[in-house]
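Scroll down for the structure; my scribbles are underneath it.
The values are calculated or read from the model by the stated rules, or taken from the named source; none is laboratory data. Keep in mind the model is a prediction, meaning the values are calculated, not measured. Quick reminder, even Gly has a Cβ in these numbers, built from the backbone with ideal geometry, and neighbours come from all protein chains shown. What goes into the accessible areas is simple: the full protein's heavy atoms, side chains included, and nothing from ligands, DNA or RNA. Shrake-Rupley method; radii C 1.70, N 1.55, O 1.52, S 1.80 Å.
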Amino acid sequence: MRALRIDGFEDLILRTHAELDLAKADEVDHFFKSERPDYVFLAAAKVGGILANNTYPADFLLENLAIESHLIEASYRHGVDRLLFLGSSCIYPKLCPQPIKEEYLLTGPLEPTNRPYALAKIAGVEMCWAYNRQYGTRFLSAMPTNIYGPGDNFNLANSHVLPALIRKVVQAKVASAHQLEVWGTGTPRREFLYSDDLAEACVFLMNLSDDTYGKLLNGDNPPLLNVGTGEDVTIRELATLICDVLGFEGELAFDPSKPDGTPRKLLDVSRINALGWKARTGLAEGIRTTYESMREQLEAMATQ
């Protein structure tokens with residue numbers, strides 16, 4: 001929303017979850033029938049980290065399949081011009097060659113800890129492609145890497161690794177602790193993209209000329225583009241950087257009994273870079289901005 005408004009777009013059709021439940025087909029159809037949106041950014045999803053994915057696999061599969069199927073079908077039936085479906089880098093095989101190219105989709109087994117979520121997102125990509133081929137729609141899929149930023153989810157039960165580590169560091173500072181526990185071995189490598197950079201990428205893709213946009217939809221592969229920074233760090237390096245940015249001087253204690261997840265997930269972003277978009281926010285800068293924007297909330301959570 002910030003990125004759209006910065007670019008001068010004001011006619012934004014918005015609903016909260018309380019106002020519109022995307023998992024209910026009749027509500028979605030009524031919304032599209034009454035509002036007739038021209039462009040749809042399909043960012044809604046049930047998301048979470050390793051713990052949440054392991055705990056609620058059926059929920060992750062069912063709710064995400066419902067959201068994307070209802071929205072894609074309604075977008076087709078009510079004449080949406082362009083739809084951008086946001087997936088996740090976890091759709092790619094666990095042991096994928098690095099960096100991960102878009103054509104590596106469905107070339108190997110998935111990471112077991114988030115397989116249901118990944119399968120739901122793969123289904124969304126396939127739906128966009130199928131509707132384009134059968135009905136002539138103009139639906140594109142973008143696969144972001146790990147996203148973080150202001151307004152992130154800092155709940156340790158279902159957050160992703162970066163916001164979880166920020167909250168843990170804040171808790172450690174408030175408690176004057178000398179040690180910070182980190183799940184896993186610290187060796188997996190992850191790529192992180194600042195949320196406002198992703199937003200700019202989404203608006204950029206929706207603003208492409210008809211000719212350029214059309215070329216992304218045609219071909220023998222799904223209409224799919226990776227969105228990331230093209231750089232990654234180990235979880236140990238990430239935890240160390242967060243400690244440095246937030247000013248925590250204690251030691252890191254890794255717990256190898258906890259799952260590591262996929263060994264490495266680095267996206268090949270050469271296709272979107274060639275179109276003219278590139279991420280602008282460095283990791284340290286993004287961590288600092290995220291923390292500063294949420295400082296009061298995080299410090300209050302740390303005392304609970």
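Looking at this structure, is Leu61 without any contact (Cβ under 8 Å) to a residue 60 or more places away in the chain, surrounded by fewer than 19 Cβ atoms within 10 Å (Cβ to Cβ) and within 18 Å of Met143 (Cα to Cα)?
The answer is yes for Leu61.
Would you pick out the residues in the stretch 41-58 that are open to solvent by 40 Å² or more (accessible area, probe 1.4 Å) and assigned to a helix (DSSP H, G or I)?
Within the stretch 41-58, Ile50, Leu51, Asn54, Thr55, Pro57, Ala58 meet the criteria.
Does Lys258 qualify as being without any contact (Cβ under 8 Å) to a residue 24 or more places away in the chain, surrounded by fewer than 18 Cβ atoms within 10 Å (Cβ to Cβ), at negative phi and in a loop (DSSP other than H, G, I, E, B)?
no
Filter the stretch 99-132 for residues that are within 19 Å of Asn221 (Cβ to Cβ), in contact (Cβ under 8 Å) with a residue 40 or more places away in the chain and open to solvent by 10 Å² or more (accessible area, probe 1.4 Å) and give the result.
Result: Pro99, Lys101, Glu102, Glu103, Leu105, Leu119, Ala123, Glu126, Met127, Trp129, Tyr131, Asn132.
Counting only residues that are open to solvent by 50 Å² or more (accessible area, probe 1.4 Å) and outside any strand (DSSP E or B), which one in the stretch 162-183 is farthest from Glu296 (Cα to Cα)?
Residue satisfying both the conditions and the ranking: His178.
Can you name the residue in the stretch 50-74 that is farther than 17 Å from Gly87 by Cα and among the hydroxyl-bearing types (Ser, Thr, Tyr) and, of all such residues, is modelled with the highest pLDDT?
Tyr56
Which residue out of Asp26, Asp11, Asp7, Asp38 is open to solvent by 70 Å² or more (accessible area, probe 1.4 Å), acidic (Asp, Glu) and touching a residue at least 60 places away in the same chain (Cβ under 8 Å)?
Among Asp26, Asp11, Asp7, Asp38, only Asp7 is open to solvent by 70 Å² or more (accessible area, probe 1.4 Å), acidic (Asp, Glu) and touching a residue at least 60 places away in the same chain (Cβ under 8 Å).
From the list Arg236, Arg271, Arg295, which residue is of a type in the set (Lys, Arg), exposed (fewer than 13 other Cβ atoms within 10 Å of the Cβ) and part of a helix (DSSP H, G or I)?
Testing whether each residue is of a type in the set (Lys, Arg), exposed (fewer than 13 other Cβ atoms within 10 Å of the Cβ) and part of a helix (DSSP H, G or I) leaves just Arg295.
If we keep just the residues of the stretch 64-83 that are touching a strand residue (DSSP E or B) at 6+ places or on another chain (Cβ under 7 Å) and part of a loop (DSSP other than H, G, I, E, B), which is surrounded by the most Cβ atoms within 10 Å (Cβ to Cβ)?
Filtering the stretch 64-83 for residues that are touching a strand residue (DSSP E or B) at 6+ places or on another chain (Cβ under 7 Å) and part of a loop (DSSP other than H, G, I, E, B), the one surrounded by the most Cβ atoms within 10 Å (Cβ to Cβ) comes out as Val80.
Condition check: at pLDDT 95 or above, more than 14 Å from Lys101 (Cα to Cα), touching a strand residue (DSSP E or B) at 6+ places or on another chain (Cβ under 6 Å) and surrounded by 18 or more Cβ atoms within 10 Å (Cβ to Cβ). Does Ala253 satisfy that?
no
Any residue in the stretch 278-304 that's hydrophobic (A, V, I, L, M, F, W, C): show its pairings with residues that are at pLDDT 90 or above and part of a loop (DSSP other than H, G, I, E, B) at Cβ separation under 6 Å, as long as the two are six or more apart or on different chains.
Between residues of the stretch 278-304 that are hydrophobic (A, V, I, L, M, F, W, C) and residues that are at pLDDT 90 or above and part of a loop (DSSP other than H, G, I, E, B), the close pairs are Ala279/Thr229.
Report the residue count in the stretch 184-196 for those that are surrounded by fewer than 22 Cβ atoms within 10 Å (Cβ to Cβ), in contact with a Gly (Cβ under 8 Å, 6 or more places away or on another chain) and not small (Gly, Ala, Ser).
Of the residues in the stretch 184-196, 2 are surrounded by fewer than 22 Cβ atoms within 10 Å (Cβ to Cβ), in contact with a Gly (Cβ under 8 Å, 6 or more places away or on another chain) and not small (Gly, Ala, Ser).
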